[in-house]
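Here is the structure we will look at, set down as structure tokens.
The values are calculated or read from the model by the stated rules, or taken from the named source; none is laboratory data. Here the structure is a predicted model, which is why all the values come from computation and not from measurement. Backbone-built Cβ (ideal geometry, glycine too); neighbour counts: all protein chains shown. To get the accessible areas, we keep the full protein, side chains included, count just its heavy atoms, and leave off ligands, DNA and RNA. Shrake-Rupley method; radii C 1.70, N 1.55, O 1.52, S 1.80 Å.
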Amino acid sequence: MHRPGLVKLAAFIVGDQATGEDVVQDVFTAVHQRWDMLTDQRDPLPYLRTAVVNGCRSAIRRRGRAQRQAGHDSPSPPLSAEESVLLSEDRQQMLAALARLSRRRREVLVLRFYAGLSEAEIAATLGISPGTVKSTAARGLAALARALKETR
């Protein structure tokens, strides 16, 4: 029930669909194994969101280590031919600009504008204060606007 939205959330954060699917699958596997330890089994979505964001962070760290060892700088893997055809040029520019943002700014913007979470929900998901969410979102939007202006 929550899988499609969590996969899209993860894909926006990590920059590609396949890694997003892997992250969500890993989260579901881990949660299933520890289901009885969950504090609110009736509403696992907030916990799942937090676990997906943390899984994305780990995936990005692993990718960064692998790219440094291979001598690459790219913040996200190249798009497959299928993905390139399916994405419009504007959307490709938006995803590329998102990928260049800092991890926290990218997470806040994706949770706010893609997932539609409130500032309080984002704060709970990321473990930061609502004030930090507001300032990070404002700075992230400004950086995103600058990055998009540079590409046009």
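Dimensions of region 92-148 based on its C-alpha atoms, expressed as ranges along the principal axes with the largest first, amount to 29, 18, 14 Å. In whole angstrom, note down how far apart the Cα centers of region 4-34 and region 100-133 are. A separation of 17 Å, based on Cα centres. Note on H32: accessible area approximately 150 square angstrom, rounded to 10, probe 1.4 Å, nucleic acids and ligands left out.
Among the trypsin sites (Lys or Arg not before Pro) in region 1-65, those placed in a DSSP loop whose Cβ has at most 13 other Cβ atoms within 10 Å are R34, R42.
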